[in-house]
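The values are calculated or read from the model by the stated rules, or taken from the named source; none is laboratory data. None of these values were measured; they are calculated from a predicted model. Cβ coordinates were reconstructed from backbone atoms using ideal geometry, including for glycine residues, and neighbour counts include every protein chain displayed. SASA here: full protein model, heavy atoms, side chains in, ligands and nucleic acids out. Shrake-Rupley method; radii C 1.70, N 1.55, O 1.52, S 1.80 Å.
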Amino acid sequence: MNLKKTLIGLVAATCLAASLSAQNKTSNSKETKMEAKQSLVVYFSLAGEQYNVGNIKEGNTSIIAKFIAEETDSELFELQTVKPYPTDSYNNLIKIAKDEQNKKARPALKADIDITAYDTIYIGYPNWWGDMPMPLYTFLEAHNWKGKTIIPFCTHEGSGLSGTESRIRSTCKGASVEKGLAVQGKVAQTNRSAAKKAVQDWLSKLGK
């Protein structure tokens, strides 16, 4: 009888240990998933009347941002200003953009996003007068970028990224800024398959 009780006890103890081990593995798996860092695509884009593409329903940069989010399984966040920019006249838009640039304005944003949980952040914008639109500086200057990887992308009609990569590097202290992507706005609007291919090739070179 004593031997039988001992054997039953050993079997019960073994089952309990196996159950606890399985629970710990499940718990650790859940913790790993919770701790896993995601990537984020933050972008600023305007529809309406835009240079070389006419009156558009979706901004050039928005199109590229969505391609990147799709390819990298990233979260999307659009920057919008409290005071909207004109979308009925491109000439009025660029006058305001130049004035803001000269004044080093920092337009207020409707909303912001906590970037703490993200290791890699793609930053997208149209090229205005050889620089990022000033709302991008509002966003960049509001955050701690130490240890983050920033990957810029822009839409343009001939200016490319200009010096924006180095400006981001200067503004976002402690971040690693990788090689950016520049896509012509007209390509984004009229040849989306080519624009998507450009995104895919670029991400492949970055190892993303």
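Heavy-atom accessible surface of THR149, to the nearest 10 Å², is about 30 Å², with a 1.4 Å probe and all protein chains retained.
The P(r) of segment 42-108 has a tail past 17 Å containing 49 percent of all C-alpha pairs.
Averaged per residue, what accessible surface does segment 136-208 expose to a 1.4 Å probe, in Å²?
On a per-residue basis, segment 136-208 sits at 48 Å².
Apolar share of the accessible surface for segment 136-177: 43 percent from carbon plus sulfur atoms, 1.4 Å probe. In terms of packing, defined here as the mean over residues of other Cβ atoms within 10 angstrom, the peptides 191-201, 41-51 line up highest first as 41-51, 191-201. In segment 102-208, Cα pairs under 8 Å separated by at least six residues give a relative contact order of 24 percent. Here the Debye sum runs over all C-alpha atoms of segment 98-197 as equal scatterers in vacuum, and log10 of I(q)/I(0) at q = 0.18 Å⁻¹ comes out as -0.90. Site pair THR116 and ARG169 shows an inter-label distance of 3.0 nm when each label is modelled 7 Å from Cα along Cα→Cβ. Treating cross-link reach as a plain straight distance, find the aspartates and glutamates whose alpha-carbon is under 14 Å from the alpha-carbon of LYS98, omitting any fewer than eight places away in the same chain. Result set, ordered by chain and number: ASP131. Using a probe of 1.4 Å on the protein chains alone, the accessible area found for GLU70 is around 110 Å². Applying Stokes-Einstein at 4 °C and 1.567 mPa s to the Kirkwood radius of segment 92-153, computed over alpha-carbon pairs, gives a translational diffusion coefficient of 101 µm² s⁻¹.
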